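Since the structure comes first, as structure tokens, the remarks are kept for the end.
The values are calculated or read from the model by the stated rules, or taken from the named source; none is laboratory data. Everything numeric in this text was worked out from a predicted model, so none of it was measured. Reconstructed Cβ throughout: ideal geometry from the backbone, glycine too, with neighbour counts over all protein chains shown. To get the accessible areas, we keep the full protein, side chains included, count just its heavy atoms, and leave off ligands, DNA and RNA. Shrake-Rupley method; radii C 1.70, N 1.55, O 1.52, S 1.80 Å.
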Amino acid sequence: MRVVTWNLWWRHGPWRERGPAIASVLSELAPDVCGLQEVWGGADANQAAELADRLGMHWCWAPLPVSARHQAEHGADIRIGNAVLSRWPIISDARQPLPVADGEQPRVALHARIDAPAGPLPFFTTHLTHRHDASAERVAQVRVLAGFVARHADGCAYPPVVTGDFNAEADSDELRLLCGILTAPAVPGLTLVDAWRFAEPGDPGFTWDRHRNPYLTEVALFDARIDHILVGPPRSGRGRVSGVRLAGTAPVAGVWPSDHFAVVADLTD
């Protein structure tokens, strides 16, 4: 089972040209399930729907409003959101608003219960607050996210798979709390493993890379691994990480797909 998480950078930069580049990378990866962030949608088109149609996948998404400035530029109906694409049917989906400070962009977690080969797969994707100084806000978001995961993970053939742009590094309070291995878990009994533990030794896995990604040359303060695939303990051998790597790390026909690199993990199914 191949899982991908990727922040698609909404309609920023040369977004029309980036669309085919994103689709090309995903087509080459041939994922079974994708968690996508900063996906755009409006009355006449939806990026998740377009990608699902090209890849032959099912999809769902959780839209959020954008600022008045972005509505003026892109249309009053335009939205930003998280999406799930799945090779297998999506049995059901659910959304969980996450707490934010006054004036902050709303945040949401999306759950898709997927009809995978051996039974239900509880899959999640989210995008946490981006400010560097917002660790406390992300911790509050993680506590709500963990409860959401726990409620939907019971009775499934596979362990929960949680993906997203967490805007936090692996040793942060946010990730330690959510994984529940290096500190007490946010929800008793809920533990998740960072798939990057299975990467090649010495690979930092920077998904936010100002040295390689030209979109970040002027805006990133430092390189960081802030996009993650987290997996619960295997269930009957299912969901064990067999490999992980980055993707979307080069231009496609001269166009860089996103300001983030994707994370790709292979799991036993």
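Annotations
- In the range 80-170, the trypsin sites (Lys or Arg not before Pro) that fall in loop regions by DSSP, at most 15 other Cβ within 10 Å: ARG131
- More than 17 Å apart - percent of Cα-Cα pairs taken over the range 34-131: 53
- Percent of beta bridges antiparallel (DSSP, the chain, rounded to nearest 5): 85
- Share of Cα-Cα pairs in the chain lying beyond 23 Å, as whole percent: 48
- Alpha-carbon Debye profile of the range 1-81, log10 I(q)/I(0) at 0.13, 0.18, 0.20 Å⁻¹: -0.39, -0.74, -0.90
- For the chain, the per residue solvent-accessible surface stands at 41 Å², with DNA, RNA and ligands left out and a 1.4 Å probe.
- With eigenvalues of the C-alpha gyration tensor scaled by 5 and rooted, the range 145-269, Å: 28, 17, 12
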